[in-house]
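Participant: Sharing a structure below in structure tokens format, with a few things to ask.
The values are calculated or read from the model by the stated rules, or taken from the named source; none is laboratory data. Quantities reported herein were computed from a predicted structural model and do not represent experimental measurements. All Cβ positions, glycine included, derive from the backbone under ideal geometry; neighbour counts span all protein chains shown.
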Amino acid sequence: MRKSRQREAILRVLRSTRSHPTAEWIYEEVRREIPNISLGTVYRNLRLLKEHGDILELEQAGTFRRFDGNASNHYHFRCEGCGRVFDIDEPVVSGIDERIEKKTGFRVSHHRLEFRGLCRECLTDGREKN
Ligand code: ZN
Ligand code: MN
């Protein structure tokens, strides 16, 4: 992939956070550095980076698409209260891809795992309201 200043800025912004931001958030951050960049350019470069394996796009069940500067497989927790996505520091289950291949005859390239529930802050808020 040809180098581009815009794409490098997008990647830098995305890798500077662990918040799994939306394209709009990335756009606002990159604009501080490149004020004339367009949202369409940000979207296009996010797609290129994803296709190139440099970033992940999180499954878009529900709300906004979110992006992750860490392209290696790791697990996430999505809070059903506030919508935030957290990295889960847990080793990736090994051998499961092969097991599924044996069972199904399919070719597995990778797996994704996302836990759902309420984050600590949402749990605390809930307790205060009750
Ligand atoms: Zn929450
Ligand atoms: Mn992540």
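Participant: May I ask you to list pairs of residues, at least six apart or on different chains, whose Cβ atoms are under 8 Å apart, with the first in the stretch 41-52 being in contact (Cβ under 8 Å) with a residue 40 or more places away in the chain and surrounded by 14 or more Cβ atoms within 10 Å (Cβ to Cβ) and the second being of a type outside the set (Val, Ile, Thr) and not in a helix (DSSP H, G or I)?
Facilitator: Filtered contacts from the stretch 41-52: ASN45/SER4; LEU48/MET1.
Participant: Scan (1) at pLDDT below 90; (2) under 20 Å from GLU24 (Cβ atoms); (3) surrounded by fewer than 12 Cβ atoms within 10 Å (Cβ to Cβ) for the single condition PHE64 breaks and write down its number.
Facilitator: Looking at each condition in turn, PHE64 falls short on (3).
Participant: Name the residue, out of PHE106, PHE77, PHE115, that is touching a residue at least 24 places away in the same chain (Cβ under 8 Å), more than 17 Å from THR17 (Cβ to Cβ) and not assigned by TED's automatic domain parsing to the domain that holds VAL13.
Facilitator: So the residue among PHE106, PHE77, PHE115 that is touching a residue at least 24 places away in the same chain (Cβ under 8 Å), more than 17 Å from THR17 (Cβ to Cβ) and not assigned by TED's automatic domain parsing to the domain that holds VAL13 is PHE115.
Participant: Can you confirm whether SER4 is more than 24 Å from PHE86 (Cα to Cα), among the polar types (S, T, N, Q) and not assigned by TED's automatic domain parsing to the domain that holds GLY83?
Facilitator: yes
Participant: Sort out which residues of the stretch 75-94 are within 9 Å of ligand 2 (Cβ to nearest atom) and either among the aromatic types (Phe, Trp, Tyr) or touching a strand residue (DSSP E or B) at 6+ places or on another chain (Cβ under 6 Å) (or both), and write them in order of number. Outline the logic, then answer.
Facilitator: Residues of the stretch 75-94 that are within 9 Å of ligand 2 (Cβ to nearest atom), as a first pass: 75-76, 85-88.
Correct list: TYR75, HIS76, VAL85, PHE86, ILE88.
Participant: Looking at ILE55, ILE37 in this structure, which one is crowded, with 16+ Cβ neighbours inside 10 Å, within 16 Å of ligand 2 (Cβ to nearest atom) and at pLDDT 95 or above?
Facilitator: Step by step, each of ILE55, ILE37 is checked, and only ILE55 is crowded, with 16+ Cβ neighbours inside 10 Å, within 16 Å of ligand 2 (Cβ to nearest atom) and at pLDDT 95 or above.
Participant: Taking the stretch 97-114 as the region of interest, how many residues are at pLDDT below 95 and not in a loop (DSSP other than H, G, I, E, B)?
Facilitator: Matching residues across the stretch 97-114 total 1.
Participant: Suppose the filter is closer than 18 Å to GLU59 by Cβ, among the charged types (D, E, K, R), more than 14 Å from ligand 2 (Cβ to nearest atom) and surrounded by 12 or more Cβ atoms within 10 Å (Cβ to Cβ); does ASP97 pass it?
Facilitator: Working: closer than 18 Å to GLU59 by Cβ: yes; among the charged types (D, E, K, R): yes; more than 14 Å from ligand 2 (Cβ to nearest atom): yes; surrounded by 12 or more Cβ atoms within 10 Å (Cβ to Cβ): yes.
So ASP97 fits the description; yes.
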